Amino acid sequence: MTTINFLNEWALLLIGLGLTLGCLYRLSSVGGMILLAMYTLSHPSFVGASYMMPFEGSYLWIDKNLVEFAALGLMCVFPTSQIIGFDRVLGRVCPILHKLKFI
């Protein structure tokens with residue numbers, strides 16, 4: 001359990017920094033989607049399943065993790081970090097990252 005908590009904290013930190021700074025934006029978006037999928041699978045938002053964890057509102061099938069998952073999917077499709085962000089600089093300095101579609 002200690003290892004999982006450690007990995008979760010570092011994943012949240014690195015994904016958040018990547019999205020905030022625009023550094024390896026597409027890779028950070030996919031990592032965030034994987035993390036949110038694991039959160040959703042561990043605690044699905046089923047009606048009447050309040051024994052698992054307390055809900056923040058009245059959800060039928062959609063919770064905040066699925067909304068954030070869809071938002072990260074849109075961010076992955078429309079890479080705005082090429083306009084402003086460190087990916088713009090990284091694409092010029094290291095063109096191999098641009099060819100691999102990481103940025």
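The values are calculated or read from the model by the stated rules, or taken from the named source; none is laboratory data. Just so you know, these numbers come straight off a predicted model, no measurement behind them. Every residue, glycine among them, receives a Cβ derived from its backbone with ideal geometry; neighbour counts consider all protein chains shown.
Numerical summary
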item	result
Contacts under 7 angstrom Cβ, first residue in the range 91-102 being under 14 Å from Leu27 (Cα atoms) and modelled with pLDDT under 80, partner surrounded by 13 or more Cβ atoms within 10 Å (Cβ to Cβ) and among the hydroxyl-bearing types (Ser, Thr, Tyr), 6 or more apart	none
Pair list, Cβ < 7 Å and 6+ apart or interchain, from the range 1-28 residues that are surrounded by fewer than 13 Cβ atoms within 10 Å (Cβ to Cβ) to residues that are part of a helix (DSSP H, G or I) and modelled with pLDDT of 90 or more	none
